[in-house]
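Note sheet for the following structure.
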Amino acid sequence: MKNIFLLQNVIQDYAWGSSTAIPALMGNENASGPPQAELWMGAHPKAPSMVKIGNQPVSLADLIKKHPQDILGESTAAQFNNRLPYLFKVLAAAQPLSIQAHPDLKQAKQGFERENRLGIPLNDPQRNYRDNNHKPECLCALGPFWALNGFREIDNILGLIAKLNLNCLAKEAAYIRDNPNSSGLKAFFQALLTMPAKQKQVVLTQATAEASILSDTNPAETNPAFQWILKLNQAYPQDIGALAPLFLNLICLQPGEAIYLKSGELHAYLEGVGIELMANSDNVLRGGLTAKHIDVPELLRCLNFEERELQISTPDKINAFEWVYPTYAEEFMLSKMVIKQAMGAVSIESPSVEIVLCTEGAAAITDISNNHQVALDKGASVIVSASASQYSLAGQATLYKASVPDPRIALFRRS
C-alpha cells in the first residue's frame, strides 16, 4: 500500500460562504455556483475525504478503519481509538457565522448519548450534538480575518454601552456593574438572549441609530465594534446577536496570525479566509446571528463566562522552512511550511499521520522509503501515513500541515 495519498475533499455550500475564495484556491470557476464555505480534509463521518486505491475511490474513514496503525501510527491509533483525531478545513466567510461555542469532552459525550436515547436523528436540525467529541480549534488567517472571541473585560463592556447611550439596557448592564464577575456575565448574557421581542427591537433600534451617528461623524476614528453592529444588524435584522461586538472581543487577524479556542469559548467568525484545524467534531451550540437551531439553556450550561483579553498566536520557527502554532490541544498541531527552489529537497520526519495543503505555488512530496511522488499544486492536499516515516518536499510553495502533536516539539502546549 502507498503511504501518501492525494485527497479528494468535500466542499460545504453554506449560505455564509464566499463564491470566489475556495474556487480561487482550487483553480476552479464558480461564477454561477452556490457559496462555498468550507473545504473539509479528514475523516469526519459527515463528509470524509476520498482517496484512490488503484482506480477505486475509497473513503479515508474506511481506509483508516482497515489500516489504523499503518496510517495513524501505533501511538496515535491507541490514543484515539483508531480514528483520525483532527479535522482540517479551509474556511471562507463572506457573511458572519453564528455566535457559537463548542462543548467540552464530557458535555459532548453526555449530550450525544442523551439525544440518541431521545431518538433524535443525526440530521435533525433541532439536534445539538452530532458526535461525542469536543472541538477545540485553531483559526489561522490567510488574509485579513475579522472575528469575535471571548467576553470582553467588564469595564470595557460597560464603557461601550455608555458610549452608545443605551439606557434601555440599564437593567441588564446592572448585572455586570453590581457583580463584575463570571456570575454577573452569565446573568447579563442570559438576559440578552431571553429578552422579549419588543424590548429587543427597542434596544437594536437605539443601538444602530447611535452607532450610525458615531460612524458618520468621524468614520476614521469610530470604534470598529460600532461599525460591526451595523453590519450584523443588516445581515440579521432583529437578532440581538448584532450587539455581540459590545461584549465579545473583536479582532482583525492579519495574515499568519491565529487564535486558539478552547471548549466553552463564545465566538463568531465574521469575515475572511483562513485555515481551521480542530478536533474531529461537528458539535456547535449557537446563540445568535443564525436561522439555525438555538438552545439557550444548553449553550449557557457549556459557556465559559470569564472576562479576558484576546490572545493572538504567532508561530515559532523550528527549522529553516517550518513554523509551528502553539496550542493546548492533544489532537492536533498546525504548522506552516515555506519551501523555495534554492533549498532543494527538504526532508521531514513524520512520526504520525499528517495532512498537507498547498495554498500557494507548487511542490512535489516524495516518500523517501519507496520514492513514490505526488504533485501538490495550489489547492491540493495529501494525507501522509505514519508508515511514511520520512518524506521530502521540493518546489516553490507555501503549505499548511495538520499533524498530531510531536513530543519532540515542546512549544505546542504553550498558551
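The values are calculated or read from the model by the stated rules, or taken from the named source; none is laboratory data. No experiment lies behind these values; they were computed from the predicted model shown. Counting neighbours? That spans all protein chains shown, and the Cβs are built from the backbone with ideal geometry, glycine included.
Considering only residues that are touching a helix residue (DSSP H, G or I) at 6+ places or on another chain (Cβ under 7 Å) and either more than 20 Å from S381 (Cβ to Cβ) or not small (G, A, S) (or both), which ones fall in the range 338-358? Working first, answer last.
So in the range 338-358, the residues touching a helix residue (DSSP H, G or I) at 6+ places or on another chain (Cβ under 7 Å) come out as 352-353.
The answer is V353, and nothing else.
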Completion exercise
With the first residue restricted to the range 158-182 and required to be under 24 Å from W228 (Cα atoms) and outside the structural domain of D216 (by TED's automatic domain parsing), and the second required to be of a type in the set (A, V, I, L, M) and surrounded by 15 or more Cβ atoms within 10 Å (Cβ to Cβ), Cβ contacts under 9 Å at 6 or more apart or on different chains are none
Fill in the blank from the handout: Per the list (1) modelled with pLDDT of 95 or more; (2) in a helix (DSSP H, G or I), residue check on D216 breaks on (1)
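Among E265, E271, which is the only one that is in contact with a Gly (Cβ under 8 Å, 6 or more places away or on another chain), in the same structural domain as A24 (by TED's automatic domain parsing), in contact (Cβ under 8 Å) with a residue 40 or more places away in the chain and not small (G, A, S)? Spell out the reasoning first.
Working: E271 fails: in contact with a Gly (Cβ under 8 Å, 6 or more places away or on another chain).
Answer to the selection: E265.
Can you say whether N81 is more than 21 Å from the chain's Cα centre (by Cα), closer than 24 Å to L122 by Cα and surrounded by fewer than 20 Cβ atoms within 10 Å (Cβ to Cβ), as far as the supplied structure shows?
Working: more than 21 Å from the chain's Cα centre (by Cα): yes; closer than 24 Å to L122 by Cα: yes; surrounded by fewer than 20 Cβ atoms within 10 Å (Cβ to Cβ): yes.
So N81 fits the description; yes.
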Practice task
Give the residue that is modelled with the highest pLDDT, with candidates limited to residues of the range 29-56 that are farther than 20 Å from L122 by Cβ, polar (S, T, N, Q) and part of a loop (DSSP other than H, G, I, E, B).
Solution key: N55
Exercise for the section: List every residue pair whose Cβ atoms lie under 7 Å apart, where the two residues are 6 or more positions apart in sequence or sit on different chains, the first residue falls within the range 57-77 and is part of a strand (DSSP E or B), and the second residue, located anywhere, is not acidic (D, E). Expected result: P57/Q8; P57/M50; V58/M50; V58/V51; S59/P48; S59/M50
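Return the residues of the range 4-15 that are in a loop (DSSP other than H, G, I, E, B) and surrounded by fewer than 21 Cβ atoms within 10 Å (Cβ to Cβ); say none if nothing qualifies. Reasoning before the result, please.
Kept after step one, since they are in a loop (DSSP other than H, G, I, E, B), are these residues of the range 4-15: 7, 9, 13-15.
Selection gives D13, Y14, A15.
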Practice task
Working only within the range 258-280, note down all residues that are small (G, A, S), at negative phi and touching a helix residue (DSSP H, G or I) at 6+ places or on another chain (Cβ under 7 Å).
Solution key: A268
Exercise for the section: Might you check whether a residue that is over 30 Å from L299 (Cα atoms) and free of Cβ contacts under 8 Å to residues at least 24 places away in the same chain occurs anywhere in the range 81-92? Expected result: yes
Completion exercise
The residue that is nearest to the chain's Cα centre (by Cα), considering only those in the range 221-246 that are surrounded by 21 or more Cβ atoms within 10 Å (Cβ to Cβ) and aromatic (F, W, Y), is W228
Exercise for the section: State whether the residues of the range 386-398 include one that is modelled with pLDDT of 95 or more and within 21 Å of the chain's Cα centre (by Cα). Expected result: yes
Practice task
May I ask you to say which residue of L246, L299 is touching a residue at least 24 places away in the same chain (Cβ under 8 Å) and either over 18 Å from K200 (Cα atoms) or aromatic (F, W, Y) (or both)?
Solution key: L299
Completion exercise
Given (1) under 24 Å from P405 (Cα atoms); (2) of a type outside the set (S, T, N, Q); (3) in contact with a strand residue (DSSP E or B) (Cβ under 8 Å, 6 or more places away or on another chain), A386 misses just (3)
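Output the residues belonging to the range 14-53 that are of a type in the set (D, E, K, R) and either closer than 24 Å to S392 by Cβ or within 16 Å of the chain's Cα centre (by Cα) (or both). Let's see the steps before the verdict.
If we filter the range 14-53 for residues that are of a type in the set (D, E, K, R), which is where we start, we get 29, 38, 46, 52.
Answer for the range 14-53, where residues must be of a type in the set (D, E, K, R) and either closer than 24 Å to S392 by Cβ or within 16 Å of the chain's Cα centre (by Cα) (or both): E38, K52.
One line per residue, one yes/no per condition, for (1) touching an Asp or Glu at 6+ places or on another chain (Cβ under 7 Å); (2) modelled with pLDDT under 95; (3) crowded, with 16+ Cβ neighbours inside 10 Å:
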position: L63; (1), (2), (3): no, no, yes
position: P68; (1), (2), (3): no, no, yes
position: P85; (1), (2), (3): yes, no, yes
position: L91; (1), (2), (3): yes, no, yes
position: F112; (1), (2), (3): yes, no, yes
position: N116; (1), (2), (3): no, no, no
position: C140; (1), (2), (3): no, no, yes
Handout entry: Any hit, the range 311-332, residues being in a strand (DSSP E or B), in contact (Cβ under 8 Å) with a residue 24 or more places away in the chain, surrounded by 21 or more Cβ atoms within 10 Å (Cβ to Cβ) and in the same structural domain as S381 (by TED's automatic domain parsing)
Key = yes
Handout entry: Per-region count, the range 383-392, residues buried (at least 22 other Cβ atoms within 10 Å of the Cβ), part of a strand (DSSP E or B) and not aromatic (F, W, Y)
Key = 2
